[in-house]
Every structure is written in C-alpha cells, then in structure tokens.
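Report on one structure; see the data block that follows.
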Amino acid sequence: MKISIQILVVMVLLVSASGNSQMKKERYTSRTISIPKWEVVDISFKSNEEAIAPYTTDFSAIFTNEQGKQQEVPGFYNGKNEWIIRFSSNEEGQYTYETISVLKALNQKKGKVKVVASSNTNHGGIIIKEEDPQHFYYEDGTPYFLLAFECDWLYALDYHTEKSLPKTDHLLDLIKKNGFNQIVMNVFSYDVSWQKDAKLAQHPEHEFGGPKDIFPFLGTNDNPDYTALNPEFFQKLDRTISLMHDKRIASHLMIYVWNKLVAWPDMNSEADNMYFDYVVKRYQAFPNMVWDISKEALYYGRADEAYIHGRIERLRKADQFNRLVSVHDFKYCSNFPEKVDFISTQNWSHNLYDKMLAAQTKFKDKPVFNIEHGGYEEAPYTVFTGDYTNAETCLRRNYMCLFAGVYTTYYWQGASWNAIIYNPFEQPEDFKKPKFEYFQHMMKLFTAFDFSKMKPTPWQNGSAYNLTNDEKTVLLYIHKENYGIDAAFLKKESSKRTVQWFNTVTGEFTSVAAMQDSGKFISPWSGKADAILISELRQP
C-alpha cells in the first residue's frame, strides 16, 4: 500500500476554528426544533414555582419517535428558575416529547424535535461492537483509534472568561492537530499535594491549582456549603465539553478524584448523591462523553469496592444514552470486569509490553486502555515526573502499549495537572516545548493502517514487536538500539512482499521497495530513532 502523506495529513489535521461551543439552545416553544443527528440541543423552561431541592427534583421528558420508540431524557435545574432538557439522537426522524415533573409549571409540556442528517465529520458516540469487543468504534461504524491526552484542570482554563474560550480553543486545536481525540479530565480538581516547582510562581498565568472562587457546590473548597450546587460552575463546564464535541474530541470525564485535595462530601450522603446524579443528568446527552467513576478510585483510603459498585449501578440507571463506563483502577477493573465497559489500567512496569499483552490476552471481550504508563514528558516546570520524562522514551512507552493491542494516554507536565501552558509554542525560546508532533505521526500511521484490524503477534516478534492484520500486513516496531532483525517468517514470502519504513520521531515514510530474501532488516534511522518496518503482500 503506497502512502499518500499529503492526504493523510489533511485527514489528521482537520480542526475546528471556532472559539465558542455550537450547542443549540432553544426556549420551550410549540414549534418544531431541528437538530442534526448526534448534535446536542438544550430546551429551556422557566418556572416561578419554588422547588425545595431543585437539584434533586425530578424533571424529565419522554421522547417518542415515528416508530413509537420511547426514551426518557432527564432534565436538570440550571439556576435562576431555569430548567433544561438536554437532548441528542442517534436516529434521524420526527420526535415528539412531553415533560414530567412534580412542578406544575414544568409538567406535560409538549413539543417536537426533527433530527436531520449529521455532518460528515460527526460519527456519533463511542461504542464497542459485539463482533469486535477489544476495539472502540463510533456509532456509525467508523473505527475509533483512541489516543488520549490528560488535562485534569481543563475546566479552569477559561473559567473567568465570560464570552469565549480563547485559551481552551487554542489548546484543543493543538491537541486535535496532533492526533489526540480524547481528553482525560476531572469535573473538578483542587490542588496537588506534592511540592510545586519554584519557577511556577514566576508564571502565575500557568498556575491553575488551588482556585479560591471555583467550586461545584456553594461556598468554596476551603469552606464548602453542600446544601446546593453551583450552577455557574456547570455552565462553564458545559462550554468546555461542548467545544470539545464541536472539535470531535471525547471527554473522558472522571466524576471524582481522590488525590487532588477536593473537599468532597461524605460518601453516599445526600450531597454526594446530589452531585453525582447531577453530573450524569447534565452530561449524558453529549455523544463525546465517556464516564470514569473516579481517578485513583481505590487509592488514598477514600472509597472501597462497594462504593464503586454502587456508583456504577447508579450511573447506569440514570444514563439514558448508555455511554461507556470505566474506573481509573486496574485492580477494580480486573476483579470486576463485568461492571465496566472497558478495562483501565495504570502500569509503569519496565516490561510494559509484556504486562499490556497479558491484559489484552486476559480480557478478550473488552478493550484495554493504559490510562497511565509512567511516562510524563518534561516541561518548563517539573510538575510530576513519574518514572520517565524523556520525550522519546515516553513515546516508546505509548508504542509498547499499542503493539500489545491496547490503547494509550499521553502526559505532558505542562498541561496534565495544575500547570497548564495552553500555548507552548508561543513561549520564550528557553521554555521546553512538548513533542506533540510525535503523536501526529502516530495517528498518521494508524490512519494508514487501521489499528482495529491489527493484532499483536508475539510469536513473530523476534527483537521487534509485531502487529499483523488479516491481509497479512505486518508492522514491526524496532528500537533505535536494534542493529537489525532477521524476521525470517517474512523472507519465506520475500517474492510476494514489499518493505517500507516509518520513522516514529519525524513521521517520515521511505519509499515502498521489493523485499530482499537475505540479510538483516536494518532501519535507515538505526541509532537515531525508533522505527517501524512495514511489510505488505504485493497486489496480484
């Protein structure tokens, strides 16, 4: 297969130019509202009737399509006597709806929504197919090559900007441009517990930890008031998640985090349930939503297995759109795989490939996602080093996951936690710039060679790592320290095969050449960059 690099780059680099989210907002009316399939609409209602506990007051709407299929969509209180039904659909056609509420002003309101064809950039929510349970797909059947970017404090980046999201827009464009299509993020993080780099104090514009005026409840993190939620917080979060949807970036939303100094209410308390249920009600209609119960779910002495069980059951009961669910804890996912839709693991092992291959082999009916592999690329500030900070080493660990058949996550110390440099390439020359482009190259490779069709083939690894598809296309990942590989199994078909090389650092493809039947396969970048040998059967 000859690679058209220009076409691939265009495919990968498609980005949205808008700095504002495009979620449709409509006041309740009897006229028909029109939305594209897989887009989101907020239908707002006003009620002067006081609800004693508005954030837990039942409010929903039954949507019925032309075939009589019904879906009950939960609504939520948005502050200032405004109530919202947030709706999206994965089917075109005419819908009627009728609201249900204990509040008379919100009960039995009837309306119509027409769902029209989607744009060709919107492929729907993320799903798992029964016939291919170890890979992710979009709802329209397009393979979804999950390539995640952690940014825990994303909610705070433009919190104090009222009319637009300039910083968020800039960062999301960088993320999208460089191949990432999912952000691992918290609803709310407060601060880090480790010592901060002194240099960060010289650049307060990059510090987002410890916000004194941002909190999902009333009050502040230092002085919380759990009697009610803070609608402004969630209105601001709406903007971020909606903008991500516009750019076709998934939100891997961790509802809780235990190690970022958040003053959470007691587990299973009324306030805890109010917060949890409200998040699920408010964000389930977004097709780009992926749920994660909690970052570090069973660490730090906070939660136990019974609590996580209960949260998952509560979420599945409330989520009428059936978004995917996981838990940021491999022990939990491993012990209770039936509870989650995909396996999340955090593995920093030196033998990462072997560990990931073991997980991929064990969980044949679910995707495996290494959400944290110990590689945290260096930045101008030392934020959290993990075990690896060198950019090429971090890249290698991502490839180790992929060649074991599991999905992976990228961390940069300049964006993953409390320090966020949203415009790294506009910083002074002496600032360490991230190597985002490495992952643009990775996405280019797996756009050319569909990851969902590639299977780890360890019995043909040799001194490389093997992915092979049903058409017998072989990818061999080779470390730069490797002098050369025999790959005798390829030479048995040398007269039928081609050879091409891919540089993981520069993204360069060599020309396609006929395979030689003798000698070692030696990377043209031996000693300089990890490379991938690509061998395909010649077309008859």
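Roughly how many nanometres apart are two label points built 7 Å out from the Cα toward the Cβ at LYS112 and LEU537?
5.5 nm
For ILE33, what residues show an amide H to amide H distance below 5 Å, using hydrogens built from the backbone and excluding near sequence neighbours?
Under 5 Å from the amide H of ILE33: LYS112, VAL113, LYS114.
For ARG31, what accessible surface area do you get with a 1.4 Å probe? Give it in Å², rounded to 10.
130 Å²
Considering only SER344, TYR399, PRO458, whose Cα is most displaced toward the positive end of the charge dipole of the chain, charges sitting on Cβ of Lys, Arg (+1) and Asp, Glu (-1)?
About the Cα centre, the residue reaching furthest to the positive side is PRO458.
Hey, what's the Kirkwood Rh for region 275-353 if you take every pair of different alpha carbons, in angstrom?
13.3 Å
Within region 45-125, which trypsin sites (Lys or Arg not before Pro) sit in a loop by DSSP and count at most 14 neighbouring Cβ atoms inside 10 Å?
Those that pass, being in a loop and sparsely packed, are LYS69, LYS80.
Kindly state, to the nearest 0.05, the FRET efficiency for LYS199 paired with GLN70, given R0 = 41 Å and r defined as their beta-carbon distance.
Computed FRET efficiency for LYS199 and GLN70 comes out at 0.10.
Could you list, in their original order, any pairs among LYS212/LYS281; LYS112/LYS177; LYS163/LYS247; LYS339/LYS432; LYS167/LYS331 whose Cα atoms are separated by more than 30 Å?
Where the Cα-Cα span goes over 30 Å, the pairs concerned are LYS112/LYS177; LYS339/LYS432; LYS167/LYS331.
About its Cα centre, how strong a charge dipole does the chain have in debye, to the nearest 20, once Lys and Arg get +1 and Asp and Glu get -1 at the Cβ?
So the magnitude is around 1260 debye.
Across 10 Å bins from 0, what is the distribution of all Cα-Cα pair distances for the chain, in whole percents?
In whole percents, the pair-distance histogram is 3, 18, 28, 26, 16, 7, 2, 0, 0.
Give the angle, between 0 and 90 degrees and rounded to the nearest 10, that separates the Cα long axis of helix 437-448 from the longest principal axis of the Cα atoms of the chain.
Around 80 degrees separate the two axes.
Can you compute the modelled spin-label distance between HIS160 and ASP132, with each label point 7 Å from Cα toward Cβ, in nm?
Modelled inter-label distance: 4.7 nm.
What relative contact order, as a whole-number percentage, does the chain give when Cα pairs under 8 Å and 6 or more residues apart are counted? All intermediate terms of the calculation are to be shown ahead of the outcome.
Details: 1144 pairs, mean separation 67.1, N = 540.
Here the relative contact order equals 12 percent.
Defining a contact as two alpha carbons under 8 Å apart and six or more residues distant in sequence, what relative contact order in percent does region 119-237 show?
Values: 135 pairs, mean separation 21.0, N = 119.
Answer for region 119-237 is 18 percent.
Which chymotrypsin sites (Phe, Trp or Tyr not before Pro) does region 369-422 hold that lie in a coil by DSSP with at most 16 other beta carbons within 10 Å?
Sparse-neighbourhood loop chymotrypsin sites (Phe, Trp or Tyr not before Pro): PHE384.
Under 16 Å Cα to Cα from LYS520, which aspartates and glutamates show up? Leave out anything in the same chain fewer than 8 places away.
GLU481, ASP486, GLU493
Would you calculate a helix-derived [θ] at 222 nm for the chain, using -39,500 (n - 2.57) for each DSSP H run of n ≥ 4 and dividing by the full residue count, to the nearest 500?
Here the helix-only value at 222 nm equals -6000 deg cm²/dmol.
Which whole number in µm²/s is D for region 72-214 by Stokes-Einstein, with the Kirkwood Rh taken over Cα pairs at 4 °C and 1.567 mPa s?
66 µm²/s
Just subtract the alpha-carbon distance of ALA53 and SER334 from 0.36 nm times their residue separation and send over the number in nm, one decimal.
Working: separation 281, 0.36 × 281 = 101.16 nm, distance 3.85 nm.
Extra length available between ALA53 and SER334 comes to 97.3 nm.
Limiting things to C-alpha atoms, what are the Rg and the maximum Cα-Cα separation (Dmax) for region 445-540, in angstroms?
Reported Rg and Dmax, both Å: 12.3, 36.
Which order do you get for LYS364, LYS520 if you rank them by accessible area with a 1.4 Å probe, largest at the top?
My answer, sorted largest first, is LYS364, LYS520.
I need the calculated FRET efficiency for the pair GLN94 and ASP222, taking r as the beta carbon distance and R₀ as 56 Å, to the nearest 0.05.
Taking R0 as 56 Å, the efficiency between GLN94 and ASP222 is 0.65.
The values are calculated or read from the model by the stated rules, or taken from the named source; none is laboratory data. This one's a predicted model, so the numbers in the text were calculated from it and none came from an experiment. Glycine gets a Cβ as well: all are built from the backbone with ideal geometry, and neighbour counts include every protein chain shown. Heads up: the accessible areas ignore ligands, DNA and RNA and are worked out on the full protein's heavy atoms, side chains in. Shrake-Rupley method; radii C 1.70, N 1.55, O 1.52, S 1.80 Å.
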